[in-house]
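The values are calculated or read from the model by the stated rules, or taken from the named source; none is laboratory data. Since the model is a prediction, treat every value here as computed from it, not as a measurement. Here the Cβ positions follow ideal geometry from the backbone for every residue, glycine too, while neighbour counts run over all protein chains shown. Heavy atoms of the whole protein, side chains included, go into the accessibility calculation; ligands, DNA and RNA do not. Shrake-Rupley method; radii C 1.70, N 1.55, O 1.52, S 1.80 Å.
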Amino acid sequence: MSAVDELIALARSPDPFRNAPDDLAELQLEAARERFVERRQQIRVLDKRAKEAGIDSIDSLTDLVPLLFAHTNYKSYPEAFVDNGQWKHMNMWLGTLSSHATDNIDVADVRDIDEWLDRARAAGHHVFASSGTSGKSSFLNQSTQDRDLSLAACLAAADLSTPAYVPDHGRSVFTMMPPRGTHKMIDFCNVHFPRWAAPGEFHRLSDYPMRAFDAMRPAQLRRLLAAGKVGPGEVAAYEAEVEARQQTRAGEFDAWMDLLVSRRDRPLYIGVMYGVAWQIVQALRARGIKDGDFHPDTLMSFGGGTKGAAVPADYKEQIMGFFGVTPDRITSSYAMVEMSGFCAKIQPTESYAVPPWIIPLILDKPGETLLGTTRDIGRVEGRMAFFDILADGRWGGIISGDKVQVEFGSGLEGVKTPVVHAIARYADLEEGEDKLSCAGSIDSYVRGSITAPQPVAA
Amino acid sequence: MLHEIIPDNDRLLVPHVIKGVVQLDAAVEHRSRASGSTVMTPSIDLDSLIWPRSQPGPAFDTPLAEIVDFLVEVGKALDFDRNIHLQEAAAYNLRCNSLGARILENCYRDIAWFFTRDAVEAEAEQSLGSLDVLDGWARRDIQGTAFDIRAFPPRMVHVLAGNAPIVPPVTIVRGAISKGVHLLKMPSNDMFTATALLRTMADVGPNHPVTRSFSAAYWRGGDVSIENHILRSQYFDKLAVWGGEAAVRHAMQYAAPGFEIMSFDPKVSISLIGREAFDGVPLATIAERSAADIIAFNQDACSCARFQFVEGSDEEVDRYCEALVEAMGQDIRYGTGPDGPLPPAMLIDELDMLGNLEPIYRLFGRPDGKGMVIRSSEPVSFNPGGKLVNVVAVDRLADAIQHVTVATQSVGVYPPSRIAEVRDGLSSAGAQRIVGLGNINTGKFGGLPHDGGWPVHKMMHWVVTEAAKD
C-alpha cells in the first residue's frame, strides 16, 4: 500500500485525528514525494514551477514550499473567456491546473458559466466555484474520487464537534444553504443536514440555486460598462432584478422565521452564517421571542464571517445566549475550500485538529520560509499553507491568506495530528496584505453603482 | 554621478517657497508616503498661503512680453550642470521617487526646454486665441453691441503629481502666462522639483512679480487641517489636480459654487501599428519606436503605452513581439536601461498562467527588468505596468477603437500616414492625443491641447464688461 493510499484510507475513518498513525510525519513526506512524481507529469504549471525552483524530488517538506500555489491561481483565467463565451478556452485554462485532461468537457451551446460548470461535472470534473469579494470566482477541480472522500471526511469532522449527539432524523433543520450550486459547502450540506432532519422537517431559506453567474455578474457588468459595451437600460434592469430578488428573499426570510417560531419547542438544528444568525436574533426578538426560549437540545452551526453585516461587538455571545446553545452543541470546524475535509473542533477546547492527509506548512508572512511542520514539536505562528494528499483532481499545495497558530505534537484530548489554536486573516489584521495598486485604468471612471454580490449561505 | 552627492542623512529637509521667499527651517516631521523615510518641512502659516482678494496679485498687470522675457532668463538658469537647486532636487528626489537617477537627471536636463520663448508664446497665443485679452480689456463688437473682455488672472491651487518631473515646469509656465497667483502642493514622490524651479526664479528675479506669484509647499495629501481651510472660493478660484484616482476624487469633494476643479485625470496610452510594419522599414526600427513610447518614465506616466494593437498574422505579430522585447531592453533617454522595473508582484502569477495558455496567449521576455510582452487576441483585464506591454492582434486598426475610452490619453500610430484614417473614431471614443509611433514622449510643449482641453484657457477667469457708451 502506498503512503498516499494509507493516508487517504483514513478519510473513511470515523476519527482520523485520533486514529492517525504514529509515524505520520514520515508517511506524509513519503506521500508528498509520491504525489509530486505523479502530478508533475499531469500538471504543466507544476512541472514548470518545479523546473524554475530547481526541485526534482521532495526530499524534505521544505521542498514543497516553492511549489505551493496561491489561491489566486484558481481564478487566474482571463475574464474575456467568460465575457466572450470562449468555453473551449476555459477548458484549456482549467486543464492547466487539473490532473485529469479537461478537453472532454462538451462546450457545445454552453450559454453561461453555470452551464459550463454543469458540463464539467458531467465529464467527471466536480469543479466547485467560490465567489471572491473581488467578483472573480475561483474554480477548483476535483475528481469523483476526491469529491466523495472529502465529503465523507467533512461529515466525520463535523460530527466530532458535537460528540453527545448523533444524526437521528429527529430534528427540525433550518439552513440557508440552497439545494443546488457549485459552492463546496452545498454538497456537504446536502448530505449533512438530511441525516438530522425528521421527515418533512428540512427547511431551507430558499430553493433559489446559488449560481456562479450571480456572483460574477456585477463585476462583469462593471467591466462591460467600462468598455462601453452595455447601455444604461441594461444596467438599470440588472439593478432592478437584484432589488426584486432581495425583496423575494426578504419575504422568504419572514416565512422562514414564522416556521422557526412554530418549531422552537422541538430539538432544532440551525445552520447559518454569523451575519444571518444575528439577523434571525433580531427578527425573532421583534416577534417577542425571549432569550433561551428554545428546546435545550438545539444544535447550531455557523459559517463564514459576518460579510459586511452590521453586528454588535458581542454578537456571538448574544446569538448563543438567545438560542441557549453551549459550545458543545455548536458544530464547528476550520477549513477552506482548497482543503479536503475539515479541521475538526476538539471538544471541549477551542482548537482544531488538522486531518492526517493535510500536511500543514506554516510559513513566514511573505510565504517564503518554512517555520514549522508535522515533524516539529511545539507552537508556531505564521501563514497557513498546506499540502493536501487527498486532492486528486488538482495539485494539493496551497498557500492561504490566514494567519494561524499551530501546535505540533500537542496530544490534546488524544488527538495525534497537529492542532490549530488561533485563526485570523492577514487582510483583516493591522499588518495587512500587500495590495496591487492599479491607477489610471478606465475602472477609475466607472461609478461603483452596480450592486455588489449579496452574501450567500453557509 | 548623482549617487555620489547624496548626503548620508536619514532625514530629508523639504524646503518651501512662499511668494518667492525660501523657507529652510526643519520644523515639522513627516513620514514620506512614498519611501517611508523621515522628512522635515517648515511649519505652514495658513495665512501666508493665500493672496487676499482685496489686493491684486503681483503679476496681474505685468505685460506678457515681460513675463516671457523673464521665463526665458529662468530657462537659461536651468542648466543642470550649473544649477545647484536642480542638482540638489535630483539627489534628494532619488530617495522618494522611483524613477531612478538616470531618468531624473535627464528630465532635469530637459526642463529648460519648457521655458523657451517659442514654447511660452505658443502656449499663450494658442490657448487664448488672441493675446489682447491677456494684457488688458479687449474691445469686441457682438451682435451690434460693444463689450470689453478680459482673461483675468486666476487664483489657483495646484495639486501636483510626482510620477514624472514634467508637471512642475508645465504648471509654472502656464501659471506665469495666466498672471495669476499659484499655490503648488507638492506630492510625496516629488517634494523637490517645484521648489528647485521657484528658487531658480527667485535667483533670477528676486522681487519679480512672477516670482512673488508662486508658492510651493509640502503637506500630507488630504491633511484637512490645511486643505479644509484654504480650499475655499474666498481665497481661490480653482484647484487643478493631477494624479491618481484617489487624489482626483479627494479634490472633487472641495468643489463648490465659485470653486472649480480642473482635473488632469489618470490615463492610459496605447499604440496602433498597421500591417505596413511588416513590409519595408526593418521590424527592429519599428520596435524601437514602440519601446520609446512604452518604457519612458518606467512606464509610470499617463503617456506611456500599455496596450498595442497590431495588424498582422499570428506569425507576424509574434515576430514583432520578439523584436519589441529586444528593443525594450535597450537604453533610451527616459528609460532605465536593462535594469528596469518589474511587473507588479501580484501580476507575476497571472502572467505565468497566461503563458500556459499558448497559443491563445504568448509571453515574450521574463520578469527580469529587461521588459516583457504578452500577446493576445483580446486586451488583458489588468493594467500592464513595470515594463510590461500587451500586444493585441487585430485584423484592422479600426478594430482597436472599441477598446479606446475616455481614459485613453495618447495614441501612437504607425505609419503616421494612417492617423487620418483612425483619428475621428479614436476621438469619438475618448482619446485625446494622436501622434506618430515613437513620438509620445518627445512631443513639443507649447500651443497644443492637453487632456482634451486648453489648460491656460480653462485657468483664466473670463470677465465681460459692457463697454462704456461714448
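For the reader, a short list of remarks on this structure follows.
- When the C-alpha to C-alpha distance is required to be over 19 Å, the pairs from B:179/B:238; B:185/B:238; B:76/B:179; A:316/A:345 that qualify are B:76/B:179.
- log10 of Debye I(q)/I(0), alpha-carbon scatterers only, for region A:232-290 at 0.13, 0.28 Å⁻¹: -0.46, -1.22
- Per-residue average of Cβ from other chains inside 10 Å of A:320-331: 0
- Axial C-alpha extent at least 15 Å, average Kyte-Doolittle at least 0.5 - helices from chain A (DSSP): A:274-286
- Mean accessible surface per residue for chain A, computed with a 1.4 Å probe while every protein chain stays in place, in Å²: 41
- Taken along its three principal axes, the alpha carbon spread of region B:86-172 comes to 61, 26, 18 Å, from the longest extent down to the shortest.
- At least 20 Å² accessible surface lost relative to isolated chain, residues of region B:405-444 (1.4 Å probe): B:405, B:406, B:407
- Over chain B, DSSP H runs of length four or greater, each weighted -39,500 (n - 2.57), average out per residue to a 222 nm ellipticity of -9500 deg cm²/dmol.
- Buried surface between chains A and B: roughly 2500 Å² of accessible area, summed over both sides, computed with a 1.4 Å probe on protein heavy atoms only.
- Neighbours of residue A:105, meaning other residues whose beta-carbon lies under 14 angstrom from its beta-carbon, give a summed charge of -3 when Lys and Arg score +1 and Asp and Glu score -1.
- Average accessible area per residue (Å²) across region B:327-470 - probe 1.4 Å, nucleic acids and ligands excluded: 43
- Proximal lysines relative to residue A:229, as straight alpha-carbon distance under 25 Å, when same-chain residues fewer than 8 apart are discounted: A:75, A:88, A:136, B:267
- Rounded tilt (10° steps) of B:84-96 against the dominant C-alpha axis of chain B: 50
- Solvent-accessible area of chain A (1.4 angstrom probe, protein heavy atoms only): carbon and sulfur portion equals 51 percent.
- 1.4 Å probe, heavy atoms, protein only - residues of region B:338-370 losing at least 30 Å² accessible area vs chain alone: B:346, B:349, B:350, B:352, B:353, B:356, B:357, B:360, B:361
- Proximal charge balance of residue A:402 [Cβ under 9 Å; K/R count +1, D/E count -1]: +3
- Taking each DSSP H run with n ≥ 4 as -39500 (n - 2.57) and averaging over every residue of chain A yields -10500 deg cm²/dmol at 222 nm.
- Relative contact order of chain B, pairs being alpha-carbon contacts under 8 Å that are 6 or more residues apart, as %: 17
- Accessible area of region B:1-139 divided out per residue, in Å², using a probe of 1.4 angstrom: 48
- Positive contributions from Lys and Arg (+1) and negative ones from Asp and Glu (-1), summed over other residues with Cβ under 14 Å from the Cβ of residue B:429, come out at +2.
- Its alpha carbons give chain A an Rg and a Dmax of 22.5, 66 Å.
- In region B:13-94, trypsin sites (Lys or Arg not before Pro) in a DSSP loop with at most 16 other beta-carbon atoms within 10 Å: B:33, B:53, B:82
- Prolate/oblate/rounded label for region B:342-439 (Cα gyration tensor, a/c 1.5): prolate
- Kirkwood-based shape ratio for region B:384-441, expressed as Rg/Rh from alpha carbons: 0.94
- Whichever aspartates and glutamates have a C-alpha closer than 15 Å to that of residue A:403, once near sequence neighbours (fewer than 8 apart) are set aside: A:364, A:368, A:381, A:428, A:430, A:431, A:433, A:434
- Take the convex hull of the alpha carbons in the protein assembly as shown; its mean projected area over all directions comes to 45.0 nm².
- Entry for chain B at q = 0.07 Å⁻¹: log10 I(q)/I(0) = -0.39, Debye formula applied to identical alpha-carbon scatterers, no solvent contribution.
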